[in-house]
Amino acid sequence: MADAAGGKEVVDGDRVHVQQQQQGTVARSESPRDRRFDHFKTFSGRLERQLSSIRGGGSSPQAQHPAAAAGSVTRRMPSDSEEETDDDEVPTADRYFAALEGPELETLRPSEVPVLPEDETWPFLLRFPISAFGMCMGVSSQAMLWKTLEREPSTSFLLRGVNADAMNEALWWVSVALMAAVSGTYLLKVVFYYEAVRREFHHPVRVNFFFAPWIACLFLVKGEPRAVWTVHHVVWYALMAPLLLLDVKVYGQWMSGGEWRLSRVASPTSHLAVVGNFVGALLGAQMGLRESATFFFAVGLVHYLVLFVTLYQRLPTNVPLPRELHPVFFLFVATPSVASVAWFRICDDGQFTLAAKLAYYISLFLYASLASRVRFFFRGVRFSLAWWAYTFPMTSAAIATAVFASAVTNALTRALAVALAAVASVTVAGVLSTTVYRAFVRRDLFPNDVSIAIRRRPKAKFGKILARLRTSSADLRELVARHGGSDGSSVGSEPPTPATMYGAAGRAAP
């Protein structure tokens, strides 16, 4: 009896030890940290699994106790994070078009199931898009505008009695601070959520915004308080090298056809992929790099013509832009405005040549045609980062008008330069103040970015239900096998079928 009691205590002790190990493993696996976003993180995917296996000792309780594992066949319930996890490859362009809708491919189709949860707010870095650099372009272009107003003869009278240098320097430092904040935040996204950045870069429309950081830097150099020609040429080459690489990639995709052909991916934001060439040409011409400036002007010109015609042919027959994206229409104004000033600086003869006038008149007409539809752009439009698309084109048109008024001096051109400069400044101030209010007071400036949460392969919404049903069936079979294991007649034998029952009945009847 004593030996039996001692053996029972040993068995109970082993059982308690196994239960403690299992509870410890479950406690480690059910960590309070949310793991549903690990697929988009740079390190958490593989590294976290390796650390988990190290903490768990490299083996499971079933492996350590094969007898306990043999007693029951367990089927682990798939977690939500595993169900939502997709492979590491980014979706193709065809997949973006199949999963998203809208002219900017920013809305998830009703038939799609996102990788990330829809019913809660994502981490801030995941919600911070590359389009946030539009704020930097708008503010830095204002520094460039006020520097132009001070130094152009047609508008210098506006700043009489005002310390224009101090105002220009203040705007420039505000632009630098904003650029540093946005760049630092997005750099953190690159470090911690690299998969999300990859998906943005492969997005057929979002890729255009990767030109924005370099364009904003060119604006900062152009709007610097000191003279542009004193800036070292290395700065210009350092900023234009990334733009050239992006040009080669994006333009090559436009030209080679396939799923990235221009007729399919063209949108008003595609102007960002072109306008950077003219901004670089403008800055290079003022720094004395005329040949390099002419090269980028030629590259930008040929692709702008193709893009302009493509957008005119595509937009009337495509899905209309939603109200939230109406401001991006103003990007039509930016490219010819910058191109006119760039060609004027490249010629450097003090005359607004015919080519520069043609580009300026095109931008002026597009500006007037868009401004005449004020209700179309402001009525019922919910504020978003897309509103920054008003700022940079308006400022570019004001700068081009100020330069044009200095070459073609009369009362009309000077009045137009003053009016456009005032409209641009008020617009930037209004959009900036609204952005600060929505970001820090209402905290709804950065919603969930569903355009990066698509799956590489489609998944029907009833997929979860089917998975649950399969799991429930397996659990039911396991439960029957566990409780009926002692009954040899009920386990291991096939249930009787109607054929066998009727056959037995037929044999029993005489």
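Some values worked out for this structure:
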| item | result |
| --- | --- |
| Residues that are of a type in the set (Val, Ile, Thr) and either over 18 Å from residue 124 (Cα atoms) or within 12 Å of the chain's Cα centre (by Cα) (or both), drawn from segment 179-227 | 190, 197, 205, 207, 215, 221 |
| Single unsatisfied condition, residue 433 versus (1) over 30 Å from residue 117 (Cα atoms); (2) polar (S, T, N, Q); (3) modelled with pLDDT of 90 or more; (4) surrounded by 11 or more Cβ atoms within 10 Å (Cβ to Cβ) | (4) |
| Residues being part of a helix (DSSP H, G or I), under 25 Å from the mean Cα position of the chain (by Cα) and polar (S, T, N, Q) - total across segment 253-311 | 7 |
| Segment 152-183, residues that are closer than 22 Å to residue 416 by Cα and in contact (Cβ under 8 Å) with a residue 40 or more places away in the chain | 152, 153, 154, 155, 158, 168 |
| Selection from segment 219-241 of residues that are charged (D, E, K, R) and either under 21 Å from residue 299 (Cα atoms) or touching a residue at least 40 places away in the same chain (Cβ under 8 Å) (or both) | 222, 224 |
| One residue from 204, 225 being assigned to a loop (DSSP other than H, G, I, E, B) and under 30 Å from residue 456 (Cβ atoms) | 204 |
| Candidates 149, 145 - the one that is closer than 23 Å to residue 345 by Cα, touching a Gly at 6+ places or on another chain (Cβ under 9 Å), crowded, with 17+ Cβ neighbours inside 10 Å and touching a residue at least 40 places away in the same chain (Cβ under 8 Å) | 145 |
| Every residue from segment 436-445 that is of a type in the set (A, V, I, L, M, F, W, C) and either buried (at least 18 other Cβ atoms within 10 Å of the Cβ) or not in a helix (DSSP H, G or I) (or both) | 445 |
| Boolean, residue 160 is at pLDDT 80 or above, surrounded by fewer than 19 Cβ atoms within 10 Å (Cβ to Cβ) and basic (Lys, Arg) | no |
| 3 or more residues of a type in the set (Asp, Glu), touching a Lys or Arg at 6+ places or on another chain (Cβ under 7 Å) and closer than 17 Å to residue 147 by Cα: qualifying helices (runs of 4 or more DSSP H) within segment 348-429 | none |
| Selection count, segment 454-472, where residues are modelled with pLDDT under 85 and under 20 Å from the mean Cα position of the chain (by Cα) | 3 |
| Lone qualifier among 266, 342 - being on the phi < 0 side of the Ramachandran plot and at pLDDT 90 or above | 342 |
| Whichever residue in segment 106-157 is over 19 Å from residue 193 (Cβ atoms) and among the charged types (D, E, K, R) and, among such residues, is modelled with the lowest pLDDT | 119 |
| Long-range neighbours under 7 Å by Cβ, at least six apart or interchain, first residue within 10 Å of residue 104 (Cα to Cα) within segment 259-278, second assigned to a helix (DSSP H, G or I) and among the β-branched types (Val, Ile, Thr) | 266/310; 268/328; 269/328 |
| Residue check for residue 195: of a type in the set (Asp, Glu), more than 24 Å from residue 341 (Cα to Cα) and in a helix (DSSP H, G or I) | yes |
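So that you can scan it fast, the table gives a plain yes or no per residue for (1) under 27 Å from residue 356 (Cα atoms); (2) buried (at least 17 other Cβ atoms within 10 Å of the Cβ):
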site: 231; (1), (2): yes, no
site: 240; (1), (2): yes, yes
site: 249; (1), (2): no, no
site: 252; (1), (2): no, no
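The values are calculated or read from the model by the stated rules, or taken from the named source; none is laboratory data. All of these numbers come straight from a predicted model, not from anything done at the bench. All Cβ positions, glycine included, derive from the backbone under ideal geometry; neighbour counts span all protein chains shown.
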